[in-house]
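**Student:** So that we are looking at the same thing, I have put the structure below in structure tokens.
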Amino acid sequence: MPALLEIDNLVIEAAGGGASPAPVINGVSLQLDAGEVLALIGESGSGKTTLALSTLGYAKPGLEFRAGEVRLNGDDILAMPADEKRRLRGQRVSYLAQSAAAAFNPALRIGAQVTEASVLHGQLSQTEADRRATDLYRALGLPDPDHLGRRYPHQVSGGQLQRLMAAMALCGKPDLLVLDEPTTALDVTTQIEVLKAFKDVIRQEGAAALYVTHDLSIVAQIADRIVVLYAGEVEEYGTVDDILNRPQHRYTRQLIGAVRPPPDSTLRPESLEETRQDVPALEVKDLTAGYGRKHASGHTVKVLRDVHVAVGQGRSLGVIGESGCGKSTLARVISGLLPAMQGDVLLKGQPLKPSLRQRERRQLQKIQFVFQMADNALNPHQRVDQLLGRPLEFYFGLSGEEKRQRITELLHMVELPAEFSERYPEELSGGQKQRVNLARALAASPEILLCDEVISALDTIIGASIIQLLKRLREQTDVSFVFISHDLSAIASFADDIAVLYAGLVVEQGPANRVLAPPYHPYTRLLIASVPELSQGWLERTLEMRETQASIDRAVEITDRGCPFYRRCPLAIAGTCNQEAPPLRNLGHGHSITCHRSEAEL
């Protein structure tokens with residue numbers, strides 16, 4: 001019996017690439033059986049998404065199919081006429097993109113979008129499609145499945161929207177699901193819920209799935225077999241057990257070695273618990289901030305409340321929390337992009353004006369922001385030398401040869417060759433663009449770098465190299481870092497101190513080796529338990545934990561009364577935690593927890 005999907009000697013090259021164009025996919029062959037999940041892994045540029053899109057008979061602009069076959073139940077997709085390919089897409093093969101927010105039309109109700117393809121292709125009537133969608137909402141563990149379709153995309157959480165994208169893909173009962181990094185942008189607690197939902201529904205539906213990811217820890221939980229891609233070629237192909245436990249190829253071992261270990265306080269040297277300087281490099285005191293009108297009749301949403309954190313000279317503060325906890329808002333307040341409602345931001349003891357428009361140029365220079373998405377942060381119409389030259393002109397008045405020498409020094413600092421100064425962003429890889437993004441911030445010779453999710457969109461190998469680069473820069477420049485992430489493993493590998501944010505409150509903070517060792521705040525314990533491990537069965541073991549069961553499918557809620565973590569906390573005290581603000585408990589050595597439970601109970 002033939003496999004559901006068969007790819008034979010597939011070659012995809014640049015269109016009009018000349019006499020000998022470099023192939024993007026070079027002679028790849030694989031097969032996928034019904035009911036099986038096959039993972040495509042590899043770093044950025046390895047050809048994962050290009051290969052996955054071939055199952056829809058689609059090649060990105062500038063690419064074309066040169067050789068080989070892609071067969072679905074024996075039918076060669078590449079040989080199909082255009083109208084037959086259109087019927088295939090969404091009917092026999094469904095595609096789940098990385099960003100659910102981009103996949104949904106904000107102006108249309110969820111139900112109409114989930115059922116559209118199956119009704120359009122004539123597979124189901126509208127009534128049948130609505131019934132099918134409701135069944136999928138229930139199978140995916142979504143709240144209020146009977147009425148969920150009436151909501152708009154903005155009325156559900158990010159994790160719920162990701163699952164709704166799966167419902168959209170499954171509504172027409174496709175033979176093949178193509179999942180392209182569907183959990184990459186999610187925080188760890190939401191990722192667990194989405195992974196569980198995907199795994200359960202794929203099993204229930206009996207669908208085959210092609211799972212594209214760079215995260216081996218995720219692959220270990222959901223895949224049956226793995227294809228390791230490098231530069232468009234298959235380097236290794238086997239079962240999950242074989243690839244993870246008995247890797248044969250050097251590149252596979254490199255991918256496994258780049259997986260960050262779970263957070264562990266024993267990995268942190270005690271010497272990091274140094275005495276704090278009398279005057280921190282940066283301090284945030286009694287900070288409250290939010291969005292909306294400030295006057296009494298307006299609708300002000302307080303995102304941060306009474307936040308107090310500090311960063312020592314040459315040290316790094318890791319800020320961790322789920323989406324919606326206020327991490328990026330804190331960085332925006334520090335930088336002056338969002339004026340605070342109350343409280344102070346102090347730079348070496350000197351208060352800064354709330355808005356960047358009110359700050360002196362010298363103060364702007366001292367605090368620089370490294371944004372998450374280098375693609376959005378870098379002007380695509382400017383060369384690298386123009387991108388780096390602008391802050392050199394603005395802050396220091398450099399020009400001519402002096403400016404060119406400094407640009408070369410900056411590129412050297414971020415480990416890029418000098419000739420990259422003549423390139424445009426589109427000529428760089430994702431990791432190279434992030435290095436240019438970092439170099440531009442360093443051009444101002446700052447004292448504080450605000451790094452907001454700077455490795456979340458990068459694969460594990462490139463992300464690990466960026467972390468190592470940041471460590472070297474800290475040693476070379478003595479700059480202080482505020483490192484924001486939803487990835488606790490990344491925080492643990494870089495930060496000297498950690499502040500755990502939940503619903504705008506700092507629920508725990510202190511030296512990294514104290515925060516990562518018991519006693520934990522219940523929320524910190526949940527974050528640590530939710531970091532995927534490179535072992536099969538981790539997902540099922542984690543879902544059985546008390547912390548996970550108490551918090552699953554419950555989004556962050558900002559409340560004015562009691563502890564905001566009350567509804568998700570396995571240690572909650574009814575009548576106390578939901579009514580009274582939790583007290584601050586100082587545990588010594590700069591470690592504090594905000595909780596009603598005593599240190600012994602925690």
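**Student:** Tell me, what is the percent relative contact order of the chain, built from C-alpha pairs under 8 Å that lie six or more residues apart?
**Tutor:** Values: 1211 pairs, mean separation 83.7, N = 602.
RCO, the chain: 14 percent.
**Student:** Right, something else. For the chain, take the longest principal axis of its alpha carbons; what is the angle in degrees between that and the long axis of helix 126-139, to the nearest 10 within 0 to 90?
**Tutor:** 50 degrees
**Student:** Another question, if that's okay. Within the set of other residues whose C-beta is less than 10 Å from the C-beta of MET413, count the net charge using Lys and Arg as +1 and Asp and Glu as -1.
**Tutor:** 0
**Student:** Suppose each label sits 7 Å from its Cα in the direction of the beta carbon; what would the ARG131-ALA102 distance come out to in nanometres?
**Tutor:** Distance between the two pseudo-spin positions: 3.7 nm.
**Student:** Using a 1.4 angstrom probe on heavy atoms only, work out the carbon and sulfur share of the accessible area of segment 265-594 in %.
**Tutor:** 47 percent
**Student:** Now a separate question. Working out 0.36 nm times the residue gap between GLU544 and ASP75, then minus their Cα-Cα distance, what length gain in nm do you get to one decimal?
**Tutor:** On the way: separation 469, 0.36 × 469 = 168.84 nm, distance 4.28 nm.
My answer for the length gained is 164.6 nm.
**Student:** Sticking with this structure for a sec: Ordering PHE481, PHE369 by how much accessible area each has at a 1.4 Å probe, largest first, what is the list?
**Tutor:** Result of the area sort, largest leading: PHE369, PHE481.
**Student:** Rounded to whole Å, give me the distance from the Cα center of segment 174-221 to that of segment 37-78.
**Tutor:** 19 Å
**Student:** So, for segment 395-520, what is the accessible surface per residue at a probe of 1.4 Å, expressed in square angstrom?
**Tutor:** That works out to 33 Å² per residue.
**Student:** Where does each of ARG472, ARG561, ARG440 land when they are ordered by accessible area, with a 1.4 Å probe and the largest first?
**Tutor:** Sorted by accessible area, descending: ARG561, ARG472, ARG440.
**Student:** Figure the gain on full extension for ARG253 and SER445 (residue separation times 0.36 nm, minus the Cα-Cα span) and round it to one decimal in nm.
**Tutor:** 65.3 nm
**Student:** Grab the other residues whose beta carbon is less than 9 angstrom from that of GLU69, score K and R as +1, D and E as -1, and report the net.
**Tutor:** -2
**Student:** Next up: If you count only protein heavy atoms and use a 1.4 Å probe, how large is the accessible surface of LYS60, to the nearest 10 Å²?
**Tutor:** Looks like 90 Å² after rounding.
**Student:** Scattering from the C-alpha atoms of segment 5-258 alone, worked out with Debye: what is log10 I(q)/I(0) at q = 0.08, 0.10, 0.17 1/Å?
**Tutor:** Summing over Cα pairs of segment 5-258 leads to -0.31, -0.49, -1.32.
**Student:** I need the calculated FRET efficiency for the pair GLN155 and LYS285, taking r as the beta carbon distance and R₀ as 41 Å, to the nearest 0.05. Can you show the working numbers first?
**Tutor:** Values: r = 36 Å, r/R0 = 0.87.
Taking R0 as 41 Å, the efficiency between GLN155 and LYS285 is 0.70.
**Student:** While we're on this one: At a probe size of 1.4 Å, how large is the accessible area of LEU587, to the nearest 10 Å²?
**Tutor:** Roll a 1.4 Å probe over it and LEU587 shows about 40 Å².
**Student:** Using the structure shown, select from LYS85/LYS433; LYS302/LYS433; LYS327/LYS471; LYS196/LYS285; LYS48/LYS196 the pairs with a Cα to Cα distance greater than 30 angstrom.
**Tutor:** Table pairs above 30 Å Cα-Cα are LYS85/LYS433; LYS302/LYS433; LYS196/LYS285.
**Student:** In addition: Using modelled amide H (1.01 Å from N, peptide plane; none on Pro or chain starts), what sits under 5 Å from the amide H of ARG66, excluding residues fewer than 5 places away?
**Tutor:** Residues meeting the criterion, in which the H sits 1.01 Å from N, are VAL11, ILE12, GLU13.
**Student:** Sticking with this structure for a sec: Where a Cα-Cα gap under 17 Å defines reach, which aspartates and glutamates qualify for LYS348, not counting those fewer than 8 residues away within the same chain?
**Tutor:** Partners within reach: ASP278, GLU283, ASP286, GLU360, GLU447, ASP478.
**Student:** How much net charge surrounds GLN468 when only other residues with a Cβ under 15 Å from its Cβ are counted (Lys, Arg +1; Asp, Glu -1)? Walk me through the numbers before you get to the answer.
**Tutor:** Working: positive: ARG260, ARG435, LYS471, ARG472, ARG474; negative: GLU415, ASP459, GLU475.
Summing Lys and Arg as +1 and Asp and Glu as -1 gives +2.
**Student:** Say each of THR477 and ALA112 gets a label point 7 Å from the Cα, pointing the same way as Cα to Cβ; how far apart are those two points in nm?
**Tutor:** Those two pseudo-labels are separated by 4.9 nm.
**Student:** If you bin the C-alpha pair distances of segment 265-594 every 10 Å from 0, what whole percents do you get?
**Tutor:** Cα pair-distance distribution for segment 265-594, in percent: 5, 24, 32, 24, 11, 3, 0.
**Student:** Sticking with this structure for a sec: Please give the contour-minus-distance gain from GLN405 to HIS308: 0.36 nm per residue of separation, less the Cα-Cα distance, rounded to one decimal in nm.
**Tutor:** 30.9 nm
**Student:** Compute the convex hull volume of the Cα atoms of segment 72-215, divide it by the residue count, and report the result per residue in Å³ as a whole number.
**Tutor:** For segment 72-215, the hull spanned by Cα atoms encloses 114 Å³ per residue.
**Student:** Please find the FRET efficiency linking HIS589 to ARG362, where r is the Cβ-Cβ separation and R0 is fixed at 60 Å, and quote it to the nearest 0.05.
**Tutor:** 0.95
**Student:** For the chain, give me the percentage of DSSP beta bridges that are antiparallel, rounded to the nearest 5 percent.
**Tutor:** Within the chain, antiparallel bridges account for around 55 percent of the total.
**Student:** For a quick check of understanding: with a 1.4 angstrom probe and all protein chains in place, what accessible area in square angstrom does VAL70 have, to the nearest ten?
**Tutor:** That residue has around 0 Å² of solvent-accessible surface.
**Student:** Could you sort THR127, THR183 by accessible area so the largest value comes first, with the probe set to 1.4 Å? Before the final figure, lay out the partial values.
**Tutor:** Working: THR127 90, THR183 5 Å².
The ranking, largest first, comes out as THR127, THR183.
The values are calculated or read from the model by the stated rules, or taken from the named source; none is laboratory data. None of the values given here were measured: they were computed from a predicted structure. Every residue, glycine among them, receives a Cβ derived from its backbone with ideal geometry; neighbour counts consider all protein chains shown. Ligands, DNA and RNA are stripped out before the accessible areas are found, and what is left, the full protein with its side chains, is counted by its heavy atoms. Shrake-Rupley method; radii C 1.70, N 1.55, O 1.52, S 1.80 Å.
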